[in-house]
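Enquirer: Please see the structure below; I have some questions.
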Amino acid sequence: MIPLILAFIVFLRSLIKMLKEPEFRSLLTLVIITLVLGTVVYHNIEGWRWLDSLYFSVIVLTTIGFGDFAPTTDIGKIFTVIYVFLGLGILLGFVNATGEYFRKQQKERISGRHKKIERELSRISEDVKEDAQYNDK
């Protein structure tokens, strides 16, 4: 349970950092608008509860499709087709931006470690040279 909590804390910290980037904020806003739109439409057209409508919107856009809910009206089915094509593109853009952010962070951490190792090797090399010069005298 503790690793899950720690992973969630790391995720929240990263999310807060990502919100500082305009591209990420824009995509997050589009994802939220898309989910709200789907929730409202399914609630009004299919007559589902709000939670069921949100649940179905998420399940459709993540392509999980458990099959426990399905639109029964023709307009609901037509909306779902359009919703999948538009919403999936938005959601994939968001996931891609999130992945790029994490990749960039990891690359910066690795680069920082490499620079630290290079500085340490340089310092050791200087110490060895000084020791060699001292021993030559």
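Here's the yes/no breakdown for (1) surrounded by 12 or more Cβ atoms within 10 Å (Cβ to Cβ); (2) outside any helix (DSSP H, G or I); (3) touching a residue at least 40 places away in the same chain (Cβ under 8 Å):
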site	(1), (2), (3)
Ala7	no, no, no
Phe24	yes, no, yes
Phe56	yes, no, no
Ile59	yes, no, no
Glu100	yes, no, no
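Enquirer: Continuing with this model, one more query. What residue, of Thr34, Thr39, Thr29, is surrounded by fewer than 17 Cβ atoms within 10 Å (Cβ to Cβ) and not aromatic (Phe, Trp, Tyr)?
Expert: Thr29
Enquirer: So, in the range 9-22, of the ones that are of a type outside the set (Val, Ile, Thr) and assigned to a helix (DSSP H, G or I), which residue ends up surrounded by the most Cβ atoms within 10 Å (Cβ to Cβ)? Spell out the reasoning first.
Expert: Applying the first criterion (of a type outside the set (Val, Ile, Thr)) to the range 9-22 yields 11-15, 17-22.
Right, trim to assigned to a helix (DSSP H, G or I) and you get 11-15, 17-18, 22.
On the way: Phe11: 12, Leu12: 10, Arg13: 10, Ser14: 14, Leu15: 13, Lys17: 12, Met18: 18, Pro22: 8.
For the range 9-22, the residue satisfying everything is Met18.
Enquirer: Return only the number of the condition from (1) part of a helix (DSSP H, G or I); (2) at pLDDT below 90; (3) of a type outside the set (Lys, Arg) that Thr63 does not satisfy.
Expert: Answer for Thr63: the failing condition is (1).
This table checks each residue for (1) touching a Leu at 6+ places or on another chain (Cβ under 9 Å); (2) of a type in the set (Gly, Ala, Ser); (3) closer than 30 Å to Asn44 by Cβ.
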| site | (1), (2), (3) |
| --- | --- |
| Leu88 | yes, no, yes |
| Leu91 | yes, no, yes |
| Phe94 | yes, no, yes |
| Gln105 | no, no, no |
| Gly112 | no, yes, no |
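Enquirer: Which members of the range 28-51 meet the condition of being within 24 Å of the chain's Cα centre (by Cα) and free of Cβ contacts under 8 Å to residues at least 60 places away in the same chain?
Expert: Thr29, Ile32, Ile33, Thr34, Leu35, Val36, Leu37, Gly38, Thr39, Leu51
Residues checked against (1) over 19 Å from Lys17 (Cβ atoms); (2) of a type in the set (Ser, Thr, Tyr); (3) free of Cβ contacts under 8 Å to residues at least 60 places away in the same chain:
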site: Phe94; (1), (2), (3): no, no, no
site: Gln105; (1), (2), (3): no, no, no
site: Ile110; (1), (2), (3): no, no, yes
site: Lys116; (1), (2), (3): yes, no, yes
site: Arg119; (1), (2), (3): yes, no, yes
site: Ile124; (1), (2), (3): yes, no, yes
site: Lys129; (1), (2), (3): yes, no, yes
site: Gln133; (1), (2), (3): yes, no, yes
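The values are calculated or read from the model by the stated rules, or taken from the named source; none is laboratory data. All values reported here derive from a predicted model rather than from experimental measurement. We place every Cβ from the backbone using ideal geometry, glycine too, and count neighbours over all the protein chains shown.
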